[in-house]
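Have a look at the structure below before the remarks.
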Amino acid sequence: MTKKAISLLLLQFFCLLATSLQAQPGTSLGRVERGSPFKITGQLIDGETRIPLEYASASLFSIQDSLLVDGSITNERGFFTITPRPGRYYLRLQFISYEQKYVNDLVLNHENKVIDLGAIKMSPDAETLEEVVVAGKRDQMQLELDKRVFNVSENLSNIGANASEIMDNLPSVSVDVEGTVSLRGSSNVRILVNGKPSGLVGISDANGLRQLQGNLIERIEVITNPSARYDAEGSAGIINIILKKEREKGFNGSFTTNLGYPANHGFSGSVNYRAGNFNVFGSYGINYRENPGGGYTNRIGFGSDTLITHIDNERVRRDISHTYRLGTDYYINENNILTASGLVKIANEENTTDITYYDWDVNDALLSNTFRRDFEKEDDDNYEYQLSYRRIMEGEGHELTADFQYRSNDETEKSSIDSANLLTDSDQIMYQRSINVQGDKNIMMQLDYVNPFGEGKKIEAGYRGTIRKITSDYLVEQVDDQGEWLPYKNFLNRFEYDENVHAVYGIYENKMDKWGYQLGIRLEQTLISTYQRETDQSNDKRYLNAFPSAFVSYKFDKKKSVQASYSRRISRPRFWYLNPFSSFSDPRNIRTGNTDLDPEYADSYEVGWLYNLEQASIYLGGYYRYTTGVINRIETSDDGYTTVSTPYNIGTANAYGIETNFSLDPLDWLNINGNANFYRAMTQGEYKDVKLDRDTYTASFRLNNKVKIGKVNIQLSGWYRAPENTTQGKRKAMYAMDLGSNMDVMKGNGTLTFFVKDVFNTRKWRGTTLASNFSEESEFQWRSRQAGLSFTYRINQKKSRSRGERGEGGDMDGGDF
């Protein structure tokens, strides 16, 4: 680094120091107290790309004696505000790797109280541009009072993982054997991509998340108590997946390839080019995976005769997916930005499931031994197009944004099923096949307006409309004695689902020196209609709801703050919960939908305390959630032989708990972060006069340790979930441990990573179910232990580059709602 670069760094440091000193009691450099009518404002932008420059310094000097009078640091939008006393000044503007700039002869008096300099263009310093590298690295976990930010790209155990597996490693988040995501024990979670619904998730959240490569994900935000600006959908909260998008100047990119056993082979790359008025970005990922898994079920049926059944389930899920993403930011001028992007995801799966059934009578006599093989092929095509417009208006943070999005998802599942009774001498084989063709079309329109109209005051308002149509053609056929394919029983149906949601919201916010509060209201009109062709049955649901939200915060000092919040949420029944025919993969365990489901409503309360130290951060919070219209899947059996799982609105639920997160850097070479969540859930429910109450105490723990030895980073992480009672049984304890290590190669342009997931092969779902005429015990493992190797190569990128990167996901000061 040259002397000139070092000088720039020192100058910016002293400007930061001077600004912070002005905020200390008893220290003044001529600054007028808050609320002063005298102001100098402006915005710093890149002269070529017009991108706002964050964390640049603005230093104000007296013309009379050239003494430093005041200063400020630009925010994330490049704005700064200085409130000095009346006088004559000159302004010096500085940003690392940019040429410093001066604005002379600034006069403040009673006739000229406010000077708005508008957008000020800064030019890169060619001499220092390639020399200045500000070292720094984001924490894996960053804490804000209204959300947790997890920089998943920094976690070695996430290398080669898909989105579903990454979420299963997040605090307070769990993913069950079917891929259903739960937050703090509730599966009613809204999953967004870059703040919006996305085709990457697909028709089924479970399948879409398993096909989304983790290498394309930058970070994940977990929002447990969203404000009125967010969709009210998801009573447990929102999980927002942020995809990688570079903002570096010029051309840059990164490429990652990974190999794993069992098969987990993939390649992903992202490039970015920024020049003039355009910023062009694109990415591509291909991944091939084999997921060997399986489990068993032991069932006892209490019918007219006791029947004992053991079911062995072995499966291999093979899938290959391609994800393409292309977009551009066009800076029409300093105040108008247009962004267009497109996304295509194409996935193909081949799944083989072998199920063996053993049936005994009460005297342990083997009645039947049936083997069933299901070979399924699935094609999944997703297309997404989005157009966004941003208008920056006069005043810091004053802007209007508009978004239009169209999504189209199509899935086709075809199965060939062979089964035979191995106990008999007959070689007769039963042949069946099924096909399920699904389509999902979505249109979203959104308009948001933000206006900071006073010192610390801000209003927000907006509209969001979504139009969605899903169709599902489902058919199961069986070969008869003449070799003809005929429909099997009642597994034939065309199901149509239409959902229109229109919402408006308003938010008022006021931030003061110590106190701050935000009040919001969201109105949503929901129109849902379903239609079954075979039964000629339609069902319409229409409801208008108000969803208030409120936040209040208090800062004890720069290190300690506390916040309390409230929000009301809704969870509309998912498509799979409404579709009457959803599965024929296992005729002994059938899953169906219920077209007459009503939504859940939840009132959520939360209070949190955040303490930031120089080398640590600690969050301690308590929460309470009251839910009405609780939806639960109920397992029933008419014969004690076959179970049918169907969702119903069963009653109400109360859940409350305590959660703590911490991040600790006790030594330069050691980072420790973890999470603990203790909660109690009480459900009062009923189905067909059968009580479905539960009262459970449970907990979950996670701990990550990262050690740096020379050039090698080593990470060991583990988690444990305590047992939990359900409305019909119990989920047993779960635990797992992951190991990873990496090191930089090729002069820092490359990174080599080795990882082992589920070191002891313990990541298994185990549980029991008890009903009036049957009981069962089951265990299932979606994917066995895996080891892999990954290599990343970067072009014109530094692995550790951060100018305030800690603030990218939240500066942890507790000041934002």
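Here is how the numbers come out for the structure above:
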{"read-out": "Some residue of segment 315-324 being hydrophobic (A, V, I, L, M, F, W, C), farther than 30 Å from N264 by Cα and in contact (Cβ under 8 Å) with a residue 24 or more places away in the chain", "value": "no"}
{"read-out": "Y331, sole failed condition from (1) at positive phi; (2) modelled with pLDDT under 90", "value": "(1)"}
{"read-out": "Subset of segment 690-720 [farther than 18 Å from Y656 by Cβ, assigned to a strand (DSSP E or B) and either aromatic (F, W, Y) or in contact (Cβ under 8 Å) with a residue 60 or more places away in the chain (or both)]", "value": "V690, F701, R702, N704, K706, N713, Q715, S717, W719, Y720"}
{"read-out": "Qualifying residue in segment 656-666 (condition: among the acidic types (D, E), surrounded by 15 or more Cβ atoms within 10 Å (Cβ to Cβ), assigned by TED's automatic domain parsing to the domain that holds T592 and within 30 Å of M743 (Cα to Cα))", "value": "yes"}
{"read-out": "Within segment 242-276, tally of residues that are at pLDDT below 85 and not polar (S, T, N, Q)", "value": "14"}
{"read-out": "Some residue of segment 318-327 being under 30 Å from E460 (Cβ atoms) and not in a strand (DSSP E or B)", "value": "no"}
{"read-out": "Elements of type strands (runs of 3 or more DSSP E) in segment 499-592, at least 1 residues being farther than 30 Å from L613 by Cβ and under 25 Å from the mean Cα position of the chain (by Cα)", "value": "515-532, 537-555, 560-571"}
{"read-out": "D381 of a type in the set (D, E), in contact with a strand residue (DSSP E or B) (Cβ under 9 Å, 6 or more places away or on another chain) and closer than 30 Å to S778 by Cα", "value": "no"}
{"read-out": "Selected residue (criterion: farthest from the chain's Cα centre (by Cα)) from residues of segment 763-772 that are part of a loop (DSSP other than H, G, I, E, B) and surrounded by 14 or more Cβ atoms within 10 Å (Cβ to Cβ)", "value": "A771"}
{"read-out": "Per-region count, segment 606-632, residues in contact with a Lys or Arg (Cβ under 8 Å, 6 or more places away or on another chain), without any contact (Cβ under 8 Å) to a residue 60 or more places away in the chain and not hydrophobic (A, V, I, L, M, F, W, C)", "value": "1"}
{"read-out": "Among residues of segment 98-109, those that are assigned to a loop (DSSP other than H, G, I, E, B) and at pLDDT 85 or above, counted", "value": "1"}
{"read-out": "Checking Y720 against (1) aromatic (F, W, Y); (2) surrounded by 19 or more Cβ atoms within 10 Å (Cβ to Cβ); (3) under 26 Å from T753 (Cα atoms), the condition it does not meet", "value": "(2)"}
{"read-out": "Among the candidates L752, L739, residue that is crowded, with 18+ Cβ neighbours inside 10 Å, over 17 Å from S182 (Cβ atoms) and modelled with pLDDT of 90 or more", "value": "L739"}
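The values are calculated or read from the model by the stated rules, or taken from the named source; none is laboratory data. As the structure is a prediction and not an experimental result, all values here were calculated from the model. Cβ atoms come from the backbone with ideal geometry, glycine included; neighbour counts cover every protein chain shown.
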